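Q: Structure incoming, see below.
The values are calculated or read from the model by the stated rules, or taken from the named source; none is laboratory data. On a predicted model such as this, the values are computed, not experimentally measured, just so you know. All Cβ positions, glycine included, derive from the backbone under ideal geometry; neighbour counts span all protein chains shown. These area figures cover heavy atoms from the full protein model, side chains too; ligands, DNA and RNA do not enter into them. Shrake-Rupley method; radii C 1.70, N 1.55, O 1.52, S 1.80 Å.
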Amino acid sequence: WSRGLLASDGVPMEKMVVIPLAYEHAEGEERAPREYPKSFSASRPLQVLFLGQLVLRKGVGELFEAIELLQGEPIEFHLAGPLGVTIPDAVAKDARVRIHGPVDRTIADRLYADADVFLLPTISASGTASVESPRAATITP
């Protein structure tokens, strides 16, 4: 879409080069289909993943508010990444919240694979987030 916008603004197509994302899955690579229950429950809660810097500019304040608003719902929140804020007491004491801290690629891959929903950590998008490429490979919604 960026190329189209630039072209519509008069930038010659021959001056543009599309640089692909850093990750592309292998051709023919099998992806396991996702299976979801008819409804989530205490025995099978919705698994929500926030993987990125746990800082306000990434939207973690809004996430903390949502966690508090969804108190009592069958949702498990996994927060992975460097911690740059103080976690509110209500969130820190919530048994549904798992704070992993910084994780390596192996653990990040497992978290992506286990998640039912991935929250893109940003308030304003200014390009492609680095966490998007591996997420796309696991097709986590």
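Q: Quick check on ALA22: is it open to solvent by 60 Å² or more (accessible area, probe 1.4 Å), modelled with pLDDT of 90 or more and among the small types (Gly, Ala, Ser)?
A: no
Table: residues versus (1) surrounded by fewer than 19 Cβ atoms within 10 Å (Cβ to Cβ); (2) at pLDDT 90 or above.
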site: ALA26; (1), (2): yes, no
site: LEU51; (1), (2): no, yes
site: HIS100; (1), (2): yes, yes
site: ILE107; (1), (2): yes, yes
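Q: Restrict the check to the stretch 81-91 and report whether at least one residue is loosely packed, with under 12 Cβ neighbours inside 10 Å and of a type in the set (Gly, Ala, Ser).
A: No, the stretch 81-91 contains no residue that is loosely packed, with under 12 Cβ neighbours inside 10 Å and of a type in the set (Gly, Ala, Ser).
Q: Further question on the same structure: Do we have any residue at all in the stretch 35-47 that's modelled with pLDDT of 95 or more, hydrophobic (A, V, I, L, M, F, W, C) and not in a loop (DSSP other than H, G, I, E, B)?
A: yes
Q: Give the residue that is most open to solvent (accessible area, probe 1.4 Å), with candidates limited to residues of the stretch 63-80 that are free of Cβ contacts under 8 Å to residues at least 12 places away in the same chain and in a helix (DSSP H, G or I).
A: Here the answer is LEU69.
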